[in-house]
């Protein structure tokens, strides 16, 4: 039980990362691929936060007196994840706008059918 | 002393202000990138001699390095900012005449942001900050590839974006591992502690980081986006993507492998990768009909050569690699700019449609020839000393594998020469008997000025290679002497 | 075939990551810079929310880069969707029912107010510029979905966006001009746990909030208004 | 407490798998929205309220909205 408790967050985070990677690598539909990217992002964010967790810690906010600085969880991954979330939404929005335009040009979002350019 | 942070802040601030200038007058917009990059060029040139004496450290917010973000303006960083500002400045001159249709304002904002991201990547000393600036570079390139909004542009932007986003995710996972292992994000701090952890746990984040940055650096097998993206972008952007963006990806890899990891065990792996990339690029370039696709594949080949040279791992090898890198930047930017103007004149990207260009556009054709000969490595041009330095460095290594690889590189160079000669032959010696009257035409100044400056730089450095080679020695030493780098950041 | 290759690739990656994760035990990470921020953050920056002090002050350049990323994406999205040149002026949509319309009109100011509250109190409570800006932008999303025909004023949102960025850079440069470093916290830190404390942090976070809000609203506006 | 975390994580993984299986893209988008929401809860349990708020506001609300608009403008079903 203990080992499950210890690794459940890592397990969740990496499951999301692998599901996301699988969707991106295998699926044909562009919107599906972008959904995969979004799940991948969420997984990475969860992983980063898990790295900074401290058992029995508190949130890094001195909202009430008596909180000990040494018992707070690490704030740096949280700052990194705030940045990563915004970067993720930026990439997703751009990808979706491109897919809207791609659909206008080709009438399909199937990536196997869109092969105008060859290697 | 000028604060190196201005190299990032001035273009960024002006890029933010462009919409406000747009309210006043749309006509002045195209001169803003020009202005910003000119000031960057001045600052970089002013800083260059200073950082050769002593590395300048800037701590953002006044917090000392492992706690705050720091900028490291060392010889390598300032050499790169000078290159970025110079190429960016000349290409922005070209863009004043070239970018006429579509959303001009947005083009100029994204162009400035792209170069800001590139400058940030080479200056920062913090690995997460490097990731953020790298994302600015990537996202602006994705959008700029789709500038024309035609079928090919959108499709290649989508390809580029998906592969780039996967790469960015890998980088972020790698950074997460490094933070978990070492509890710090400062590159010098990680480098100082890198030997304290086991070999394999440290090696896996390195694989993630190299895979991530390898997408932008176009190292085989991560480069399938490049020929599409570089050939369907506007020519001025192709010049920047080929001449600067992939080099920035390579910079990130080199910085991590040399300074952070000191992974000399991986050098032979990179030597092999470099040669494979080179051979594949040159072979694919040989069979192309489309001029821009040919140039894009040639970029893959060149980046393979540069990778090979840098990962020989000796001071001469790195100097030669950096020389070739600068030469490729100038040469490829020149080729894309001239090819872009010829495409604009003929309306076709097919090589065979360039027949008789030597008569019709004599100056542009001449400049194109200079760029092509320089990339082949013919003597009076810049490519010759570059390739010569690389071969010399490889032969002094006394390593049988490196010597064999250099033989493959020479064969690949012959292929390169073959396809460039083919184009030059089409431009000058074909279609002479054409019945239609080909009137001589002079390109506008916005094309001629940057093109001739590039050509002049290539010829000048080709005649006096010592000048540049001496400048590039210090950056090479900065990469090799990682202990000095670490000590200078964390005393 | 493709699936098989993908699965094999992922298994290799999984094995590698499992190996590293064994070295990073869950919940016991002692990281030196994190501890330093927790111990000295309030003293050095005056903000009781340590995450805010890290985001805005210790790692301020990241935040500047991040809002630039969002700006890049917003501009790029505008360019991609607009590059056909002819934007169809008004996309006809079915008007929402009266209940939805009234509900949205009623909720919109409340959402905006929540957003503003969150980014003004970023240095005291959880939340800050990004979260507040995103909440304000979701208010615009609601207006688009519920009250068809309403559009944001592009000129106003552009000016907000530009001002947000310029204020951020201006505050940073002010530190430089006053003889310290870029983004130096030059204002008095004040009493911790009060609204007017921690120097430049609330100012920057308000600027970030306006900028993020207007950029996200602009992204939604561009996507909604593009023809089908 | 621990058992709740395990259930939540499993639910999150199930929704992620569902997002990959659904042929109807609208359903897939909603499933990925649920992934984001559960991730926000996990962030809160890991004592990261700032991130939880950002994930809920950006990851769950705005991204879903943007996805829905994009699906509306293109094709709803995956071939």
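Laboratory data are not the source of any read-out in this text; all were calculated from the coordinates shown. Bear in mind the structure is a predicted one, so any value in this text is a computation, not a measurement. Cβ placement follows ideal geometry from the backbone for every residue including glycine, while neighbour counts extend to all protein chains displayed.
Brief remarks follow.
- Whole-Å semi-axes of region D:2-73's equivalent ellipsoid (Cα gyration tensor): 23, 16, 5
- Highest mobility in the GNM of chain D, judged by mean-square fluctuation with C-alpha springs under 10 Å and restricted to D:46, D:11, D:37, is found for D:46.
- Per-residue shielding of B:65-75, expressed as the average number of other chain Cβ atoms within 10 Å of the residue Cβ, stands at 3.
- Note on chain C: GNM, Cα springs under 10 Å; of C:19, C:101, C:58, the largest mean-square fluctuation is that of C:19.
- Its Cα gyration tensor gives the protein assembly as shown an equivalent ellipsoid; the semi-axes, largest first and in whole Å, are 42, 32, 27.
- Approximating the spin labels as points 7 Å out from Cα along Cα→Cβ, the residue B:464-to-residue C:102 distance works out to 8.2 nm.
- Over all pairs of different C-alpha atoms, region B:263-479 has a mean inverse distance whose reciprocal, the Kirkwood radius, equals 17.8 Å.
- With the simple model of a label 7 Å out from the Cα in the direction of the Cβ, residue B:290 to residue C:203 spans 5.1 nm.
- Calculated SAXS-style log₁₀ I(q)/I(0) at q = 0.22 Å⁻¹ - region A:1-75, Debye, Cα scatterers: -0.91
- For chain B, the Kirkwood hydrodynamic radius comes to 22.6 Å, computed from all pairs of different C-alpha atoms.
- Sorting B:481, C:121, B:230, B:108 from the fewest to the most surrounding beta carbons within 10 angstrom yields B:481, C:121, B:108, B:230.
- Across C:171, C:33, C:50, mean-square fluctuation computed from a Gaussian network of chain C (C-alpha pairs under 10 Å connected) peaks at C:33.
- Distance in nm between pseudo-label sites at residue B:50 and residue D:2 (7 Å out along the Cβ direction from Cα): 5.8 nm
- In terms of surrounding Cβ atoms within a 10 Å radius of their Cβ, A:115, B:292, B:360, B:487 rank from fewest to most as A:115, B:487, B:360, B:292.
- Volume of the Cα convex hull of region B:335-464, divided per residue and given in Å³: 103 Å³
- Three-way shape label, region B:165-236, alpha-carbon gyration tensor, a/c 1.5: prolate
- Between residue B:477 and residue B:449, the FRET efficiency estimated from the beta carbon spacing at R0 = 30 angstrom works out to 0.25.
- Note on region B:346-392 and region B:140-180: Cα centroid distance 31 Å, given to the nearest whole angstrom.
- Computed over region B:202-277: relative contact order in percent, which uses C-alpha pairs under 8 Å that are six or more apart: 39 percent
- Taking a point 7 Å out from the Cα of residue C:11 in the direction of its Cβ, the residues of region A:22-41 whose backbone N falls within less than 20 Å of it are A:22-27.
- Based on alpha carbons, the Rg and Dmax found for region C:2-225 are 21.9, 61 Å.
- Number of partner chain Cβ atoms within 10 Å, mean per residue of D:38-45: 4
- Normalised contact order of region B:263-479, rounded percent, pairs of Cα under 8 Å and 6 or more residues apart: 27 percent
- Annotation: for a label point projected 7 angstrom from Cα along Cα→Cβ of residue B:264, residues of region B:287-319 with backbone N closer than 19 Å are B:308-319.
- log10 of Debye I(q)/I(0), alpha-carbon scatterers only, for region B:1-93 at 0.14, 0.25 Å⁻¹: -0.57, -1.20
- Region B:199-351 gives an Rg/Rh value of 1.01, both radii derived from C-alpha positions and Rh following Kirkwood.
- Residues residue B:197 and residue B:484, FRET efficiency given R0 of 22 Å [Cβ-Cβ distance, rounded to 0.05]: 0.45
- As a rough footprinting exposure proxy, the listed residues B:373, C:196 were ranked by other beta carbons within 10 Å of their own, and the order from fewest upward is C:196, B:373.
- Value of D in µm² per second that Stokes-Einstein yields for region B:130-264, Kirkwood Rh from Cα pairs, at 20 °C (1.002 mPa s): 139 µm²/s
- Euclidean distance of C-alpha centroids, region B:16-91 and region B:256-334, integer Å: 26 Å
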